[in-house]
1. Filter the stretch 56-99 down to the residues that are without any contact (Cβ under 8 Å) to a residue 24 or more places away in the chain and open to solvent by 90 Å² or more (accessible area, probe 1.4 Å) and list them by number.
2. For residues that are within 14 Å of residue 8 (Cβ to Cβ) and either modelled with pLDDT under 95 or of a type outside the set (A, V, I, L, M, F, W, C) (or both), tally how many sit in the stretch 65-75.
3. State the number of residues belonging to the stretch 162-180 that are part of a helix (DSSP H, G or I), open to solvent by less than 40 Å² (accessible area, probe 1.4 Å) and of a type outside the set (Ser, Thr, Tyr).
4. Which residue, of 194, 113, is free of Cβ contacts under 8 Å to residues at least 60 places away in the same chain and over 27 Å from residue 65 (Cα atoms)?
5. Between residues in the stretch 16-38 that are over 15 Å from residue 170 (Cβ atoms) and residues that are open to solvent by 60 Å² or more (accessible area, probe 1.4 Å) and in a loop (DSSP other than H, G, I, E, B), which pairs lie under 7 Å by C-beta distance while being six or more apart or on different chains?
6. Could you list, in sequence order, the residues of the stretch 72-85 that are within 22 Å of residue 125 (Cβ to Cβ) and assigned to a helix (DSSP H, G or I)?
7. Run residue 187 past the list (1) under 24 Å from residue 13 (Cβ atoms); (2) open to solvent by less than 60 Å² (accessible area, probe 1.4 Å); (3) part of a helix (DSSP H, G or I) and report the number of the one that doesn't hold.
8. Right, residue 121: open to solvent by 20 Å² or more (accessible area, probe 1.4 Å), farther than 19 Å from residue 4 by Cα, at pLDDT 90 or above and among the aliphatic types (A, V, I, L, M) or not?
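The values are calculated or read from the model by the stated rules, or taken from the named source; none is laboratory data. This structure is a prediction, so every number in the text was calculated from the model and none was measured. Every residue, glycine among them, receives a Cβ derived from its backbone with ideal geometry; neighbour counts consider all protein chains shown. SASA here: full protein model, heavy atoms, side chains in, ligands and nucleic acids out. Shrake-Rupley method; radii C 1.70, N 1.55, O 1.52, S 1.80 Å.
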Amino acid sequence: MIKINQAVIVEGRYDRKKVENILDTLIIETDGFAVFKNKEKQALIRRLAETRGIVVLTDSDTAGFKIRSFLGSIVPQDKVIHAYIPDVLGKEHRKEKPSKENKIGVEGMTKEIILQALDRAGVTCTQSETSQRKPVTKIDLYEDGITGSKNSKSKKALLLKKLDLPERLSTNSLLKLINTFMTYEEYKQVISEI
């Protein structure tokens with residue numbers, strides 16, 4: 001696994017699964033064009049851009065460029081890196097027919113092509129800060145009543161609100177974001193406040 005500091009923004013879940021097998025970083029899906037109206041997702045992407053920077057890795061078709069352009073317009077230019085995959089004609093293995101433009105997307109790219117796209121964009125592979133400090137774990141969430149207890153749902157909702165995160169965030173995603181945005185001590189401080 002290759003570690004990078006920036007979060008990676010992809011279009012959908014198959015793209016996310018592909019990139020998760022290559023990169024050790026936070027990966028966020030736009031859910032296609034849904035990001036245009038999803039204010040919570042936009043706020044999350046802006047926050048990620050401000051705290052660690054983002055890499056936009058969308059398909060090389062028209063839809064991918066529209067999403068890329070939109071994301072570039074909602075975050076500061078110095079906080080976003082655009083990584084471009086090449087135009088490769090064909091179809092993804094899971095699909096019966098090729099896309100309208102007959103181009104393979106991120107999910108169909110090889111590891112080497114994705115790493116080349118990142119390299120061309122100037123993304124450097126480094127050890128992330130979060131791996132050098134004490135992480136918040138699922139055990140911490142359990143011990144703090146965020147999961148596994150009678151009042152967990154309401155306590156998790158309070159935590160999400162306090163951290164200005166989307167209410168439908170899964171526990172695994174919450175854990176990744178906590179370890180992205182804050183130290184263990186900062187997390188414990190927030191827990192004491194709720």
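1. 65, 77, 78, 89, 93, 96, 97
2. 1
3. Of the residues in the stretch 162-180, 5 are part of a helix (DSSP H, G or I), open to solvent by less than 40 Å² (accessible area, probe 1.4 Å) and of a type outside the set (Ser, Thr, Tyr).
4. 194
5. From residues that are over 15 Å from residue 170 (Cβ atoms), the pairs are 23/1; 24/1.
6. 78, 79
7. (1)
8. In short, no.
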